[in-house]
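Taking it in order: structure first as structure tokens, then the write-up.
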Amino acid sequence: MNKGPALIIFQKNLVLGKVKTRLAQTIGDDLALEVYKKLVELTQKEAEQVQLERLIYFSDFLPEETPKPGFSYCLQMGADLGERMSNAFAEVFEKGFSPILIIGTDCPLISCEVIEDALDQLGQVDLVIGPAEDGGYFLLGMRTFFPEIFKTITWSSDQVLPQTLEIARKQKLNVGLLPELFDIDHEEDLNRFINLKPEYEYLFRNSSGRL
């Protein structure tokens, strides 16, 4: 029996010096951790507004605290990002959910509308992808499991999206695309987001007033 749609959220554990390392090169580890916490909050807030199963897959260990209401906590398993995502999809499909989406916690402009758009597209296509400006993707979704989509990908490069699309073409999958968005990886990305969404500036400004 199909239990309905599910959203996998890949999230890094909130450990100082282990998150937003490129951003930390200019703003420091402490502020980078605070920025990442806010990105997590924004992502979860948008996810809460969509009617689906929500599963947070942590990078290194399961937090000791009780899961936030409406979310389940799981642990990523695998040697690289592709294997980790593939294993997460396989696990959630095995639980009876479909369609399934996966997102990270680095894209501040992801919204409940974007998530719902992806779900709507999966009514007509096999695969839906949210392109990221850096050549990767901020969202991927599928109705049935296609493990090939995670193989032979050069992860953390600008080839992730084109290689994924090429695999989809070879597998004869119908692909839907969402509007392109950007991740916050560097200080200029953070400033760009604040310029686009000044109402969120207070979230990212520290006590000294620095972004």
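A few points about this structure:
- Computed [θ] at 222 nm, deg cm²/dmol, the chain (DSSP H ≥ 4; -39,500 (n - 2.57); rounded to nearest 500): -10500 deg cm²/dmol
- Average silhouette area of region 1-61, convex hull of alpha-carbon atoms, in square nanometres: 4.8
- Fraction in percent of alpha-carbon pairs per bin - 5 Å, region 1-115: 2, 11, 21, 22, 21, 14, 5, 2, 1, 0
- Percent of C-alpha pairs per 5 Å bin, the chain, short to long: 1, 7, 15, 20, 21, 17, 11, 6, 2, 1, 0
- Difference of contour (0.36 nm per residue) and Cα-Cα distance, LEU109 to ASP158: 15.6 nm
- Cα-based helix-to-principal-axis angle, 187-196 vs the chain, degrees rounded to 10: 80
- Separation of the ARG22 and GLU148 label points, Cα + 7 Å toward Cβ, nm: 3.0
- Estimated translational D of region 68-120 in µm²/s (Stokes, Kirkwood radius over Cα pairs; 10 °C; 1.306 mPa s): 124
- Entries of LYS20/LYS151; LYS37/LYS151; LYS18/LYS38; LYS3/LYS45; LYS38/LYS95 with Cα pairs more than 20 Å apart: LYS20/LYS151; LYS37/LYS151; LYS3/LYS45; LYS38/LYS95
- Distance cut-off 17 Å, percentage of C-alpha pairs in region 107-211 lying past it: 58
- Test item: Cα-centred dipole of the chain, Lys/Arg +1 and Asp/Glu -1 on Cβ, debye: 340
- For region 47-201, the antiparallel share of DSSP beta bridges with both residues in that region comes to about 55%.
- Degrees, to the nearest 10: 112-121 long Cα axis against longest axis of the chain: 20
- Accessible area per residue, Å², region 63-211 with all protein chains present, probe 1.4 Å: 50
- Computed over protein heavy atoms with a 1.4 angstrom probe, the accessible surface ordering of SER59, SER72, largest first, is SER72, SER59.
- Principal-axis tilt of helix 160-170 within the chain, Cα atoms, nearest 10 degrees: 10
- Portion, in percent, of the accessible area of region 22-177 that falls on carbon or sulfur, probe 1.4 Å: 47
The values are calculated or read from the model by the stated rules, or taken from the named source; none is laboratory data. As the structure is a computational prediction, the values presented were derived from the model and not from experiment. All Cβ positions, glycine included, derive from the backbone under ideal geometry; neighbour counts span all protein chains shown. Areas reflect the complete protein model, heavy atoms only, side chains present, ligands, DNA and RNA absent. Shrake-Rupley method; radii C 1.70, N 1.55, O 1.52, S 1.80 Å.
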